[in-house]
1. For the stretch 76-95: of the residues being touching a helix residue (DSSP H, G or I) at 6+ places or on another chain (Cβ under 8 Å) and either at pLDDT 85 or above or of a type in the set (Asp, Glu) (or both), which is surrounded by the most Cβ atoms within 10 Å (Cβ to Cβ)?
2. Being modelled with pLDDT under 65 and of a type in the set (Lys, Arg) narrows it down to one of LYS222, LYS188, so name that one.
3. Only one of these conditions is not met by THR71: (1) farther than 24 Å from SER137 by Cα; (2) touching a Pro at 6+ places or on another chain (Cβ under 7 Å). Which number is it?
4. Would you point out which residue out of PRO151, PRO211, PRO206, PRO197 is modelled with pLDDT of 65 or more and farther than 24 Å from ARG88 by Cα?
5. Taking only the stretch 15-47 into account, find how many residues are within 18 Å of GLY100 (Cα to Cα) and among the polar types (S, T, N, Q).
6. Identify, please: which residue in the stretch 133-160 is touching a Lys or Arg at 6+ places or on another chain (Cβ under 7 Å) and polar (S, T, N, Q) and is, among those, nearest to GLU84 (Cα to Cα)?
7. Collect the residues in the stretch 154-169 that are farther than 15 Å from GLU8 by Cα and free of Cβ contacts under 8 Å to residues at least 24 places away in the same chain, keeping them in residue-number order.
Amino acid sequence: MFTGLIREIGRIRGIAPRRGVVRLDIDAPKLATTAKLGESIAVNGICLTVTAVKGRAFSVEAATETRRLTTFESWRRGDKVHLEPALRAGDALDGHLVQGHVDGPGRILSVKKSGGSLLMTIGLPPEMARYLTPKGSVAVDGVSLTVDEGPFDGAFTVNLIPHTLQETTFCTAKKGRLVNLEMDVLVKAARTGSGWPGIDHSKPLPAESKPAGLTLDRLLTKGFGRFGSSGAKGRK
């Protein structure tokens, strides 16, 4: 589990196929000093497992399904990537609950200046757009952001404040760039009933059998009770 608050911007040192997976070597002087084998690190929003640590770099591996559902295949050596280690017990939940399970890619449709901020509009498929809510949370390349305008028909806009631009790669974002999108897990649970035993999510539910909405019992069954009284809040 993650928060969508980026801890370091790493740089891809190498990409190489290895026994059915693709190994990614990432230069990250800050995180490499504390990373341990088997730990999870979100790389541009993708939850990946640390398989090696050497000096100022660490390695992760991506399976076929991960590469299919994300922007991984477009990454190149030298690219900068957002990095966030997994949330630990007692850590502040300053962004929003992010699983690191990317729903799919989106594409930047426009980037416009607005004072000291940037308004970035992102296009996405209808099956993902249904989980957007006005002023709700969304993870874009692993960054916790708030839907500032929209959702529109197949798009939404986020407002990137100066601090976010300083701490992420969005300061160089351009039209056409692919980004990883993870929709808010709480909205997905409320709108699909995800996690309810006995439900076939590949088929629409009859109206009378659809879950009534987000409830405490549903949150507890998904494990959110372990966070105690910590509150989640989105940020721009």
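1. Going through the qualifying residues, I end up with HIS82.
2. Numbers: LYS188 fails: modelled with pLDDT under 65.
From the options LYS222, LYS188, the qualifying one is LYS222.
3. If we test THR71 against (1) farther than 24 Å from SER137 by Cα; (2) touching a Pro at 6+ places or on another chain (Cβ under 7 Å), just (1) comes out false.
4. On the way: PRO211 fails: modelled with pLDDT of 65 or more; PRO206 fails: modelled with pLDDT of 65 or more; PRO197 fails: modelled with pLDDT of 65 or more.
The match here is PRO151.
5. 2
6. Looking at the filtered set, the residue picked out is SER144.
7. Those that are farther than 15 Å from GLU8 by Cα and free of Cβ contacts under 8 Å to residues at least 24 places away in the same chain: none in the stretch 154-169.
The values are calculated or read from the model by the stated rules, or taken from the named source; none is laboratory data. A quick note: this is a predicted structure, and the numbers were derived from the prediction, not measured. Here the Cβ is made from the backbone with ideal geometry for all residues, glycine too, and neighbour counts use every protein chain on show.
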